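Below is one structure, written out as structure tokens; the observations come after it.
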Amino acid sequence: MNFFEMFIQGLKPAIYRTTLESEFAKRLPFLVENFPYISSQETEKIVLIPGAETYVFFQDQEQKERFKKELEYTEANSPEFHRLLGITLGYPPLAVEFFVQAKLNPELEKRKVGMYHLGIGCSGDILDLIDNCRWLWDTYKLPEKIDIRLGTEFVSIPYGQMEELERIKTEYLKTIPQLV
């Protein structure tokens, strides 16, 4: 299942996309007709790629209004914006916080791992790998694998395999010369 299917089925709380993505551009008319949204035409604060027509779609109007209200008090591309966007998009809170901290401290990048589950892709700290994966499984409640990106390698973890996550975490930590 991809991010679009997850969103349409009500499993993903929001999506953030630009019309630079051809698949998204094809689905844009359907989304505009059926879901509340904010676009870069309404506010430039949501733009991460200069010049890209950008959209955030929400499951309901209440969620959109909450986002808009919080957006009023954030600066474009600021840590607060990334925190707000990450939580709104349904990423694990620990992963969101790590993303924000890594933008402020590039040394943290060496601890970054990717997690891909049911069309949701995010990055987080290797130290939080187990908590983030558990959060994804508990939140999205579909017994599907999580693909973990460790550097340039990918490893698929079957649903609920916490021991395998622990093993992968332990092995990957050995490859990081100096933890921050």
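Where a number appears in this text, it was derived from the coordinates with a stated rule and is not lab data. Being a predicted model, the structure only gives us computed values, none of them experimental. Please note: Cβ atoms are built from the backbone with ideal geometry, for glycine as well, and neighbour counts cover all protein chains shown.
Worth pointing out:
- Selection from region 51-64 of residues that are part of a helix (DSSP H, G or I) and buried (at least 19 other Cβ atoms within 10 Å of the Cβ): 64
- When the criteria are applied in full, residue 104 fails the requirement of being surrounded by 15 or more Cβ atoms within 10 Å (Cβ to Cβ) and of a type outside the set (Lys, Arg).
- If you filter region 116-157 down to residues that are part of a loop (DSSP other than H, G, I, E, B) and of a type in the set (Lys, Arg), you find that the one that is farthest from residue 90 (Cα to Cα) is 145.
- Taking residues in region 46-58 that are farther than 12 Å from residue 24 by Cα, and partners anywhere that are in a loop (DSSP other than H, G, I, E, B) and β-branched (Val, Ile, Thr), the pairs with Cβ atoms closer than 9 Å and at least 6 places apart or on different chains are 52/19.
- Residue list for region 97-129, filter: out of contact with any Cys (no Cβ under 8 Å at 6 or more places or on another chain) and of a type in the set (A, V, I, L, M): 100, 102, 104, 108, 113, 118, 120, 126, 127, 129
- Selection within region 19-42 - part of a helix (DSSP H, G or I) and either touching a helix residue (DSSP H, G or I) at 6+ places or on another chain (Cβ under 7 Å) or among the charged types (D, E, K, R) (or both): 23, 26, 27, 33
- Here region 65-102 is the region considered, the condition is being among the hydrophobic types (A, V, I, L, M, F, W, C) and in a loop (DSSP other than H, G, I, E, B), and the residue that is farthest from residue 48 (Cα to Cα) is 89.
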